[in-house]
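Take a look at the structure below.
The values are calculated or read from the model by the stated rules, or taken from the named source; none is laboratory data. Small disclaimer: the values here were computed from a predicted structure and weren't measured. Using ideal geometry, Cβ is built from the backbone for each residue, glycine included, and neighbour counts are taken over all protein chains shown.
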Amino acid sequence: MTKDYYKILGITEFESQDAIKNAYRKLARKWHPDIAGNSEDVIIRFKEINEAYEILSNKIKKEEYDRARRFYSYATSNENKFKSEPPKEEKKSFAFSGFNWKKAEQKPIPKRGEDIYSDIELSVFEAAAGTTKTVNMLQTQLCPKCGGRKFINGSICKACNGKGEFTNYKKFTVKIPAGIKDKSKIRLAGEGSAGINGGVNGDMYITVHIQEPKTYKTDGLNILKTIPITPYEAVLGAEIKICTIKGCISVKINPNTQNGQKIRLAGCGIVQNNKVGDMIVTVEIKIPKQLSDEEISLYKKLAEISTENIRDHLYEN
Ligand SMILES: [Zn+2]
């Protein structure tokens, strides 16, 4: 019991699963080697954070860990007492049993490797159409020289300096199936940390986060977008450039187009399960902010010669 997983995540042991998850996600982002750099300190810290979350987010593992942690702190506080005061016979036997317990845990039994967790961000298009992403993950591998035993013929393994394992970056190509939902988990079996003493490897879990689109909305497979046009484009008609997921195309604006009018660009929506949506453009007439004197005088001229009063029928029943 050398690591305090609660301390690593900066929380108390009475925190909810949500709080544990939040603490983990904040720290995992902050200490991700892509962000915090590639130093050994960062890698160790990042590994510890993942290790802490792997234990504390799993009900059974957490209970086991909490029990061991309480027992350990009890045994340690008793051991400390013996240092300052002469031991009584009764206490001595307890301390001894604590020692036995720790010894028993170190027996070389096969242990499954830890699961590791990562996140991946996808755009709405990527999630709908499916894609392939590369993820750079820290992975623990057994030392090939000593096979994780840390010692060779009684002396410390020189290849791993007695650590028994190596932590390295590994690139994974992750296939994202079309139509994947937000918060889905992709499991890469056996790609977690290496098993110990012949135990099987852990798995890797990648949680998908679908980003909220910022520049458009969606309605099922349709993509909705508002496009501004000028008053003269609305009156005279125009050819304007509109960018879709298929690329930018030239779109005809008819003469006399009204504000709020919709244009459907067939087949330019989201592709999913062999179906394809449309892009629906809503036209918004916008007046350019900086009008020149000449433009203003032309608008004045327009006002003078205008024949139709568009508010004529406003109050008729
Ligand atoms: Zn080694």
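A few remarks follow.
- Counted residues, segment 121-132 - those being surrounded by fewer than 17 Cβ atoms within 10 Å (Cβ to Cβ), within 13 Å of the chain's Cα centre (by Cα) and at pLDDT 90 or above: 1
- Taken over segment 281-299, the residue count meeting the criterion of being surrounded by 10 or more Cβ atoms within 10 Å (Cβ to Cβ) and either without any contact (Cβ under 8 Å) to a residue 12 or more places away in the chain or part of a helix (DSSP H, G or I) (or both) is 6.
- In segment 163-182, residue farthest from the ligand (Cβ to nearest atom) [restricted to those that are surrounded by 14 or more Cβ atoms within 10 Å (Cβ to Cβ), more than 16 Å from K47 (Cα to Cα) and without any contact (Cβ under 8 Å) to a residue 60 or more places away in the chain]: I180
- Boolean, C160 is farther than 30 Å from I120 by Cα and either within 16 Å of the ligand (Cβ to nearest atom) or in contact with an Asp or Glu (Cβ under 9 Å, 6 or more places away or on another chain) (or both): yes
- Note on segment 136-149: residues that are near the ligand (Cβ under 7 Å from one of its atoms) and more than 22 Å from R45 (Cα to Cα) amount to 2.
- Within segment 139-162, the set of residues being in contact with a Lys or Arg (Cβ under 6 Å, 6 or more places away or on another chain) and either touching a residue at least 40 places away in the same chain (Cβ under 8 Å) or not assigned by TED's automatic domain parsing to the domain that holds I120 (or both) comprises Q139 only.
- Selected residue (only one of K170, K145 is part of a loop (DSSP other than H, G, I, E, B) and over 30 Å from K275 (Cα atoms)): K145
- With respect to the conditions (1) outside any loop (DSSP other than H, G, I, E, B); (2) surrounded by fewer than 16 Cβ atoms within 10 Å (Cβ to Cβ), I186 falls short on a single one, namely (2).
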